[in-house]
1. Residues to consider are B:GLU69, B:GLU23; find the one that is in the same structural domain as B:GLY91 (by TED's automatic domain parsing), closer than 17 Å to B:SER104 by Cα and not hydroxyl-bearing (Ser, Thr, Tyr).
2. Residues that are within 7 Å of another protein chain (Cβ to nearest Cβ), closer than 20 Å to A:VAL192 by Cβ and out of contact with any helix residue (DSSP H, G or I) (no Cβ under 9 Å at 6 or more places or on another chain): which helices (runs of 4 or more DSSP H) entirely in segment B:102-207 hold 1 or more of them?
3. Taking segment B:40-76 only, how many residues are more than 16 Å from DNA strand C (Cβ to nearest atom) and of a type outside the set (A, V, I, L, M)?
4. I'm checking my understanding of the structure. Among residues of segment A:158-207 that are surrounded by fewer than 20 Cβ atoms within 10 Å (Cβ to Cβ) and among the aliphatic types (A, V, I, L, M), which one is farthest from the chain's Cα centre (by Cα)?
5. Please count how many residues of segment A:96-121 are over 16 Å from B:ARG24 (Cα atoms) and open to solvent by 70 Å² or more (accessible area, probe 1.4 Å).
6. Only one residue in B:SER98, B:SER116, B:SER3 is at pLDDT below 95 and within 16 Å of DNA strand D (Cβ to nearest atom). Which one?
7. Considering only residues that are more than 8 Å from DNA strand D (Cβ to nearest atom) and surrounded by 15 or more Cβ atoms within 10 Å (Cβ to Cβ), which ones fall in segment B:29-56?
8. Looking only at segment A:23-39, filter to residues that are within 14 Å of chain B (Cβ to nearest Cβ) and assigned to a loop (DSSP other than H, G, I, E, B); which one of those is nearest to DNA strand C (Cβ to nearest atom)?
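The values are calculated or read from the model by the stated rules, or taken from the named source; none is laboratory data. No experiment lies behind these values; they were computed from the predicted model shown. With ideal geometry, Cβ positions are generated from the backbone for all residues, glycine too; neighbour counts draw on all protein chains shown. We work out accessible area using only protein heavy atoms, side chains counted, and drop any ligands, DNA or RNA first. Shrake-Rupley method; radii C 1.70, N 1.55, O 1.52, S 1.80 Å.
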There are 2 protein chains.
Amino acid sequence: MTSERDVTARAQIRNCALRLFGERGPDAVTVRDIAACAGVSPGLVLHHFGSKQGLRDAVDAHVMTLFDEMLAGAIEDPDAFASGEPQVVKGFAELFASQVPQDSPIPPYLRRLLLSGDPVGRTLFRQWFELSLTAMDAMGAGGNVRFTPDRDAMAAFLMVNDLAMILLHDHIADAIGTDPLTQEGMQRWAAVAFDVYLNGAFTKEDS
Amino acid sequence: MTSERDVTARAQIRNCALRLFGERGPDAVTVRDIAACAGVSPGLVLHHFGSKQGLRDAVDAHVMTLFDEMLAGAIEDPDAFASGEPQVVKGFAELFASQVPQDSPIPPYLRRLLLSGDPVGRTLFRQWFELSLTAMDAMGAGGNVRFTPDRDAMAAFLMVNDLAMILLHDHIADAIGTDPLTQEGMQRWAAVAFDVYLNGAFTKEDS
DNA sequence: CAACATACTGAACAGATGTTCAATGCGCAA
DNA sequence: TTGCGCATTGAACATCTGTTCAGTATGTTG
């Protein structure tokens, strides 16, 4: 009897919570809001998830699963890793642009996850940072990335630059007039990033 | 009769709201929380600011004023702008590290401002972006920054990389083991940024 | 058919929250 | 002193919110 799609009411509730939590923040969303969005009674939300906190945990777990699948799919993809291309540039940002639909609730939720200070976000960042380290090492072994004395800081720098595009993407779209999470916007952004990472941003007056 | 410092109760309330809003988000902070933090009664909060929304607006306005002063001071400072040094690198991030105390409530609040999607954050970003554009132009005229076909995207890229360090600074501190908003952490971070912006991050195999 | 498990509803409740308001204290001018 | 204006309090109120629960429907198993 679900109106929208052929998904269980439980999944419907979880999806609504994911979207609303991302848009307004969990504290500004009531159980009744979620129930109304999912077209069910408030009681059913608690019936399936025990409590609002339980629902938050379930949404967190679901998002982590989605990310895991996304990364796993990307790693298995022969075109993505271990090729001759510089991988940190077309890292998370391009992965997002290719895998995540236009109006996906994931980016807003990711924003909250990384900036709310909760342990789930910390775990996620840590996980991605480890991945960035190994990716950079692989690129270094392939001769694509310069040697640097501060390996950790360099990996963090490149990764954070990448993440920033996702976190600030609305502002960037406002500023440069193109949404960097669309295909063409990503090309424009990647062009600049590639240029800087290849040639730097400053002139060398001494060379 | 204020216990903490020699500030008016009104300012005390505003400061507490700023700190608590930044830490937990406005929706998770009650009027009673703020009153307790400021050592006053809940009624006084509403007496001074009309409503909770009024207090939020007042905090926003206060933060905007602080940023204006910070930027105005930096622009007037002969050592900061219009020198021969590359300015976008030691832009907002270093400005923050030098002007903002260790446990300042500003960074957490700035995070919420930029990522909550409200118009104040949008204004702030826009404002800083315009500043970045003029700064980059000045550097270009001075011969410090390379010519680039996509001026807007380049300025946005450099600025966003800088902002990211502030937004993600807890995560970065976790990952690399040094807080990039301290003096030594900033030096480490700036070293990497300077290196990349001067020499790039990739090797050129064709040169 | 009967018994049961499960999905689901909607009313009800206790506590929290934003807000109002009458009352109090206090400094200051007349 | 008297009176006025402002800061401040704390109780009270209406509403909202998370949660509980008794009850209904439906499909499944014996």
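1. On inspection, the qualifying residue turns out to be B:GLU69.
2. Of the helices (runs of 4 or more DSSP H) lying wholly inside segment B:102-207, those with at least 1 residues that are within 7 Å of another protein chain (Cβ to nearest Cβ), closer than 20 Å to A:VAL192 by Cβ and out of contact with any helix residue (DSSP H, G or I) (no Cβ under 9 Å at 6 or more places or on another chain) span B:183-199.
3. Within segment B:40-76, residues that are more than 16 Å from DNA strand C (Cβ to nearest atom) and of a type outside the set (A, V, I, L, M) number 7.
4. A:LEU198
5. Selection size over segment A:96-121: 5.
6. Result of the check over B:SER98, B:SER116, B:SER3: B:SER3.
7. If the condition is that a residue be more than 8 Å from DNA strand D (Cβ to nearest atom) and surrounded by 15 or more Cβ atoms within 10 Å (Cβ to Cβ), then B:VAL29, B:VAL31, B:ASP33, B:ILE34, B:CYS37, B:ALA38, B:VAL45, B:PHE49, B:LYS52, B:LEU55, B:ARG56 are the ones that fit.
8. Only one residue fits best here, namely A:THR30.
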